[in-house]
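Undergrad: Starting off with a structure, shown below.
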Amino acid sequence: MAVVVSAALILRRTGEPQAEGASTTTLATTTTAPPGESSTTTLASGGIEIPDGSTVCDLYGTLTVSGTITDPDLVEASGLAVSRTTGGILWSHNDSRGGPELHAFDTSGADLGSFTVPGAFAFDWEDLAAGPGPDGTGAYLYVADIGDNFSIRDGSVALHRVPDIDPASMSDGAFPTSTPLPFQYPEGSPNAEAVFIDPVDPSVYFVTKDADLTVVYRGSLEPSETAAVLTQVAILSLDAEVSGGDISADGSVIALRGYREVWMWHRAPGESVADAFTKQPCLATSPDEPQGEAIAFDADYSYFTVSEENFPALYRIPFDG
């Protein structure tokens, strides 16, 4: 269930001891949410085994350079998604320097073409997510037009949903269809740069960029002619701006990233996303990037990152669990 503002959890940093790779955030309010993860081995819905005394972050290996983006037009890679239908394909988009199109490339960074999202306008595209449709079936890419640095949108944002298909099948340079999903914040006009699609309870989550209190909102994936009102489900205190996010294909690992950090939450079976956010995150490997705003899981829990710059490096952090 959604959590209203007064019941949202605020995570605060403390100086208590921690497991290697974990952050020192702890719960700062009393709630009725499920307790933290068990001290014994935990089996997530996707089969992740977390040994006693470890965190999900401890299951990742050494950062590697997967390749270099060769597309000269992808100069502000603000969002990133790994295709869930075509192996070895990633998608990205520009922030403020591009039209309504997605750029495809492989894990070496080799350019596979740019493809227009029909009917879309790129006001301030900030993130990209892969996930199912509202009934939990199908495979789609969700472009998040959610940026609002100057609070001029009056809380009105949108997703554009296109089919997650092989770029080689789009000979005309455009996706065959696009579905707009308009949303309205319950109040104010927050600036957000992170979006992910929950595959377990199909829905979208928006994460704001405020460095003091990061607010998480949930929205429906059902198409609507009018803007669907978002519901606030959590408040986090990460002491840094959130510039991107993703969730694993089975919904068991959530990652948010900032310009210098990657925070991870393990989501146990039966937990909602809001439940998962009541637990303290661990700090995962984050590459040193000049303007890192994009992060995406592949099918094996490994994650990729890329930065806004000309011909950026494509980093991969392998899952070794």
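Undergrad: Taking D239, is it at positive phi, at pLDDT below 95, surrounded by fewer than 20 Cβ atoms within 10 Å (Cβ to Cβ) and not basic (K, R)?
TA: yes
Undergrad: I'm checking my understanding of the structure. Among residues of segment 132-170 that are hydrophobic (A, V, I, L, M, F, W, C) and under 17 Å from A299 (Cβ atoms), which one is surrounded by the fewest Cβ atoms within 10 Å (Cβ to Cβ)?
TA: Ranking the qualifying residues of segment 132-170, first place goes to A139.
Undergrad: Which condition does T55 not pass, out of (1) farther than 22 Å from E193 by Cβ; (2) within 20 Å of the chain's Cα centre (by Cα); (3) of a type in the set (S, T, N, Q); (4) surrounded by fewer than 21 Cβ atoms within 10 Å (Cβ to Cβ), if it passes all the others?
TA: (4)
Undergrad: Additional query: Restricting attention to segment 77-95, which residues are among the polar types (S, T, N, Q) and free of Cβ contacts under 8 Å to residues at least 40 places away in the same chain?
TA: Residue satisfying the conditions is N94 alone.
Undergrad: Cβ-Cβ below 6 Å, separation at least six or inter-chain, first residue in segment 252-276 and free of Cβ contacts under 8 Å to residues at least 60 places away in the same chain and farther than 14 Å from L236 by Cβ, second aliphatic (A, V, I, L, M) and in a helix (DSSP H, G or I): which pairs?
TA: none
Undergrad: Oh, and also: For D246, are the conditions met, namely being within 14 Å of the chain's Cα centre (by Cα), among the acidic types (D, E), over 17 Å from T214 (Cβ atoms) and at pLDDT 95 or above?
TA: Values: within 14 Å of the chain's Cα centre (by Cα): yes; among the acidic types (D, E): yes; over 17 Å from T214 (Cβ atoms): no; at pLDDT 95 or above: yes.
So D246 does not fit the description; no.
Undergrad: Would you please name the residue that is surrounded by the fewest Cβ atoms within 10 Å (Cβ to Cβ), looking only at residues in segment 283-321 that are hydroxyl-bearing (S, T, Y) and within 20 Å of A139 (Cα to Cα)?
TA: S302
Undergrad: Check off (1) in contact with a strand residue (DSSP E or B) (Cβ under 7 Å, 6 or more places away or on another chain); (2) farther than 23 Å from D164 by Cα; (3) not β-branched (V, I, T) for G258 and give me the number that stays unchecked.
TA: Every listed condition holds for G258 apart from (1).
Undergrad: Tell me, yes or no, whether segment 85-108 has at least one residue that is of a type in the set (A, V, I, L, M, F, W, C) and surrounded by fewer than 20 Cβ atoms within 10 Å (Cβ to Cβ).
TA: Looking for residues that are of a type in the set (A, V, I, L, M, F, W, C) and surrounded by fewer than 20 Cβ atoms within 10 Å (Cβ to Cβ), one finds none in segment 85-108, hence no.
Undergrad: Considering segment 98-124 alone, what residues qualify as being in a loop (DSSP other than H, G, I, E, B) and within 28 Å of T64 (Cα to Cα)?
TA: Of everything in segment 98-124, those that are in a loop (DSSP other than H, G, I, E, B) and within 28 Å of T64 (Cα to Cα) turn out to be T107, S108, G109, A110.
Undergrad: Taking into account only those residues within segment 136-151 that are of a type in the set (G, A, S) and assigned to a loop (DSSP other than H, G, I, E, B), which is nearest to G251 (Cα to Cα)?
TA: Selected residue: G136.
Undergrad: Inside segment 212-236, can you point out the residues that are surrounded by fewer than 17 Cβ atoms within 10 Å (Cβ to Cβ) and either without any contact (Cβ under 8 Å) to a residue 24 or more places away in the chain or not hydrophobic (A, V, I, L, M, F, W, C) (or both)? Quick ask: steps written out before the conclusion?
TA: Start the filter on segment 212-236 by keeping residues that are surrounded by fewer than 17 Cβ atoms within 10 Å (Cβ to Cβ), which leaves 212-213, 220, 222-229.
Of everything in segment 212-236, those that are surrounded by fewer than 17 Cβ atoms within 10 Å (Cβ to Cβ) and either without any contact (Cβ under 8 Å) to a residue 24 or more places away in the chain or not hydrophobic (A, V, I, L, M, F, W, C) (or both) turn out to be D212, S220, E222, P223, S224, E225, T226.
Undergrad: Also, I was wondering about something else. Grab the strands (runs of 3 or more DSSP E) fully contained in segment 201-303, keeping just those with 1 or more residues being within 23 Å of D58 (Cα to Cα) and among the aromatic types (F, W, Y).
TA: Details: elements: 203-208, 214-219, 231-236, 244-247, 253-257, 262-266, 282-284, 292-297.
Those strands (runs of 3 or more DSSP E) span 262-266, 292-297.
The values are calculated or read from the model by the stated rules, or taken from the named source; none is laboratory data. As the structure is a prediction and not an experimental result, all values here were calculated from the model. Heads up, the Cβs are rebuilt from the backbone with ideal geometry, glycines too, and the neighbour counts pull from every protein chain shown.
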